[in-house]
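Input: a single structure, listed below in structure tokens.
Derivation of every value follows stated rules applied to the coordinates shown; laboratory data play no part. These numbers come from a predicted model, not from an experiment. Cβ: placed from backbone, ideal geometry, glycine included. Neighbour counts: every protein chain shown.
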Amino acid sequence: MTRSIVLVSSPMAINEPEPYVSHLRARGYDVVLRRPEGQELHEEQLCEYSPDLVAIYAADDHVTRRVIDENPRLKVVCKWGVGIDSFDWPYCKERGISVRNTPGVHTQAMAEAACAYTLALYKKIFEVDRMVRDKRWDKVRSHRFEGSTIGLVALGNIGRRTARMMSGWPVNLLGYDPDPEAMPDFPGRLVGRDELFSSADCIVIMAPPKTDPRRIHTPGREPELDRVLPMIRPGALLVNVSRGAITPLAALIEGLEKGIIESAALDVYEVEPLPLESRLRTDFADRVIFGAHTAYNCEGVVEKITRGTYEMLLDELGCPLTT
């Protein structure tokens, strides 16, 4: 028997399913709510619903060529949030499958997180917190903030907002983006990739990964940590609020071991959830601020993204919710 399955895997969407799920079911769709164990459903899990998928309300699901080929009636993949690098979006386009996301909705929340992580590293807030919890009372010396150099990597929506928020700080701001027109009014100095990574005391990465359709591919200008680690001045601070692929685990470990990276604040990881046996946890926990891919998770923003993505899904299926 043929089914028309709308798969909802985004945990945020599963938390707030109504009135959208009832609306879809009333129109004959078989809505499946499947919460992933981590951030995403993998290819094998998605293919469990072949050949009946007509729409996916996704988290970071691996919508691969196989998933697309096995589901010839798939019409739309809607992403909760922005990053669509886990989808084979060129093949989706080739097959006429719409790929939708919600750019710009959590720009402010992400910029706030970038600023918060940066200040926390400079002032060693979490190191002091761990010390006091450990019943110690040492005098931890923080990093010099005033007059230091902060480098912002990628000047898209989040990078531009972060730059404006940091413009009042008593620091030297450097900005890099492969698109020279990304932010002509940057409140600091626009530089090339190599100069930024070799000059900054603190590097804040907001670049999309190679697989993101917004990424401008410029050979020799890639910001991935494994490409730029030899350029970084020893003792640098590192913040990543973009994607884990930008800071591969092997490069992070090497940087921490050699002292190239003094400490890091990571909202994202190459593998998520961060494995319990990861050396970041076992060997470098005192030098890393651990996030959990939740920098966007701000009151009001989550609800707005959830509703907006459901509405896009309904529009793509030709059954908008009328009030």
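For the stretch 232-252 versus the stretch 260-323, the inter-centroid distance based on Cα atoms is 17 Å. Pairs from the list K124/K258; K75/K210; K135/K258; K79/K210 with a Cα-Cα gap above 23 Å: K75/K210; K135/K258. Stretched out straight at 0.36 nm per residue, the stretch from L321 to K123 would grow longer than its current Cα-Cα span by 66.4 nm. Connecting C-alpha atoms closer than 10 Å in a GNM of the chain, tell me which of C92, C298, C202 has the biggest fluctuation. Comparing C92, C298, C202 in a Gaussian network model of the chain, the most mobile one is C298. Here the Kirkwood formula puts the hydrodynamic radius of the stretch 107-290 at 16.6 Å, using every distinct Cα pair.
Working note: 222 nm ellipticity from helices only, DSSP H runs with n ≥ 4, each -39,500 (n - 2.57), summed and divided by the residues of the chain, gives -9000 deg cm²/dmol to the nearest 500.
Across the stretch 97-120, the residues whose backbone nitrogen lies under 13 Å from the label position 7 Å along the beta-carbon direction of D179 are 104.
Straightening the chain between I253 and N297 buys 13.1 nm, computed as 0.36 nm per residue apart minus the Cα-Cα spacing. Relative to the longest principal axis of the Cα atoms of the chain, helix 157-166 runs at roughly 30 degrees.
Taking 19 Å as the cut-off, the amide N atoms of the stretch 232-250 that come nearer than this to a point 7 Å along the Cα-to-beta-carbon line of R189 belong to 232-234, 236-237.
Can you list which of the chymotrypsin sites (Phe, Trp or Tyr not before Pro) found in the stretch 87-192 are DSSP loop residues with at most 12 other C-beta atoms within 10 Å? For chymotrypsin sites (Phe, Trp or Tyr not before Pro) across the stretch 87-192 that sit outside H, G, I, E and B with at most 12 neighbouring Cβ atoms in 10 Å, the list reads W137. Measure nothing fancy, just the Cα-based angle from helix 301-316's long axis to the longest principal axis of the chain, in degrees from 0 to 90, nearest 10. It is inclined by approximately 30 degrees. Within the listed set R136, R279, R160, the residue fluctuating most in the Gaussian network model of the chain (springs between alpha-carbon atoms under 10 angstrom) is R136.
What is the Å³ per residue value for the convex hull set by the Cα atoms of the chain? Mind dumping the intermediate values first?
On the way: hull volume 49.4 nm³, N = 323.
Convex hull of Cα atoms, per residue: 153 Å³.
Tell me the angle of helix 107-123 to the major Cα principal axis of the chain, expressed in degrees between 0 and 90 and rounded to the nearest ten. Between helix and principal axis, roughly 30 degrees.
Give the longest segment of the chain that steers clear of GluC sites (Glu not before Pro) in DSSP loops with at most 14 neighbouring Cβ atoms within 10 Å, not counting the sites themselves.
Numbers: sites that count: E37, E48, E146, E181, E277, E299.
By the stated rule (loop sites, at most 14 other Cβ atoms within 10 Å), 49-145.
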